[in-house]
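Notes to accompany the following structure.
The values are calculated or read from the model by the stated rules, or taken from the named source; none is laboratory data. All of these numbers come straight from a predicted model, not from anything done at the bench. As a convention, Cβ positions derive from the backbone with ideal geometry for all residues, glycine included, and neighbour counts pool all protein chains shown. Calculation scope for accessible area: heavy atoms of the full protein, side chains included, ligands and nucleic acids excluded. Shrake-Rupley method; radii C 1.70, N 1.55, O 1.52, S 1.80 Å.
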Amino acid sequence: MTENIIKQDYQITRSDRNQQNRHNSFVIWFTGLSGSGKSTIANALEIALFQKNIRTYTLDGDNLRCGLNEGLSFSKEDREENNRRIAQVAKLFIDAGLVTISAFISPLRKEREKAKKIIGKEHFVEIYVNTPLAVCEKRDVKGLYKKARRGEVQNFTGIDSPYEAPEQADLEIITEQETIEESVKKILQFLNKNYLN
Ligand SMILES: Nc1ncnc2c1ncn2[C@@H]1O[C@H](COP(=O)(O)OS(=O)(=O)O)[C@@H](OP(=O)(O)O)[C@H]1O
Ligand SMILES: Nc1ncnc2c1ncn2[C@@H]1O[C@H](COP(=O)(O)OP(=O)(O)O)[C@@H](O)[C@H]1O
């Protein structure tokens, strides 16, 4: 606890909000290389949840880096800070009763573990969007792999900055073998069974 800061308790809790919303709140934490499909699947999943009257919000790497995380680079230290802020925001959002989807590369196991600790392991679903580097590079949605190969972008994940795949993700999406619809269906089945109610 920070010195001279005394935590204030509020009477309306996450559990009250969950009861009012008629669903649980938790974080769905996607991880994977740039171009693996995190945003595409997060978007399709959010639409499906929204249509079921589930209150959601998606935190996306690119979007947060335009605001809250503006100015953070892709150095190891800044990625760590990016991860910490996202985890703290996600924690607030689940306290607010939202099913919170996060779509960040979050390349390091240790940092994802920290996020899980901040959020609480019982509220944290890790989904590995497993798309090989060669496929992401072929897709090159934003032309960033080409730039990284030409040396115009430094510290690019998978090229000159590490990506550590999860060893025990709650779910794995293999985008070369599944359609977006199949991935969403699989995630919804898992959430219905283990998290939503
Ligand atoms: N050097 C470097 N490495 C990786 N990615 C880069 C880089 N520079 C810019 N971009 C763009 O930033 C998006 C990744 O931001 P994240 O906040 O998700 O990254 S991280 O979790 O802090 O590693 C990533 O978005 P996605 O493609 O959606 O993953 C890229 O568009
Ligand atoms: N099965 C799939 N699941 C998700 N994305 C796919 C799939 N097949 C092809 N794609 C394409 O791969 C790209 C993934 O890009 P994006 O979602 O921006 O990835 P990320 O957010 O991980 O950087 C999109 O152009 C998407 O249409």
Q: Pairs only if they're at least six apart or on different chains, beta carbon under 8 angstrom, first in region 40-56 and within 19 Å of Asn130 (Cα to Cα) and within 16 Å of ligand 2 (Cβ to nearest atom), second open to solvent by 20 Å² or more (accessible area, probe 1.4 Å) and hydroxyl-bearing (Ser, Thr, Tyr); list them, first residue then second.
A: Ile41/Thr175; Ala42/Thr58; Asn43/Thr58
Q. Is it fair to say Gln168 is away from ligand 2 (no atom under 15 Å from the Cβ) and part of a helix (DSSP H, G or I)?
A. no
**Q.** Top-ranked residue in region 112-162 [being touching a strand residue (DSSP E or B) at 6+ places or on another chain (Cβ under 7 Å) and farther than 19 Å from Ile174 by Cα; ranked as nearest to ligand 1 (Cβ to nearest atom)]
**A.** Asn155
Q.
Could you check region 45-71 and list, in sequence order, the residues that are away from ligand 1 (no atom under 16 Å from the Cβ), not aromatic (Phe, Trp, Tyr) and not in a strand (DSSP E or B)?
A. Ile47, Ala48, Leu49, Gln51, Lys52, Asn53, Ile54, Arg55
Q: Of the conditions (1) within 11 Å of ligand 2 (Cβ to nearest atom); (2) open to solvent by 30 Å² or more (accessible area, probe 1.4 Å); (3) at pLDDT 95 or above, Asp60 clears all except one; give me its number.
A: (2)
Q. Name the pairs: first residue in region 155-184 and open to solvent by 70 Å² or more (accessible area, probe 1.4 Å), second residue hydrophobic (A, V, I, L, M, F, W, C) and in a helix (DSSP H, G or I), Cβ to Cβ under 8 Å, at least 6 apart or on different chains?
A. Asp160/Ala148; Glu176/Val135; Ile180/Ile41; Ile180/Ala44; Glu181/Ala44
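For region 29-44, what are the residues that are more than 14 Å from Glu178 (Cα to Cα), within 10 Å of ligand 1 (Cβ to nearest atom) and assigned to a helix (DSSP H, G or I)?
If the condition is that a residue be more than 14 Å from Glu178 (Cα to Cα), within 10 Å of ligand 1 (Cβ to nearest atom) and assigned to a helix (DSSP H, G or I), then Ser39, Ala42 are the ones that fit.
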Q. Which of (1) aliphatic (A, V, I, L, M); (2) in contact (Cβ under 8 Å) with a residue 40 or more places away in the chain; (3) surrounded by 15 or more Cβ atoms within 10 Å (Cβ to Cβ); (4) out of contact with any helix residue (DSSP H, G or I) (no Cβ under 6 Å at 6 or more places or on another chain) does Val89 not meet, given it meets every other one?
A. (2)
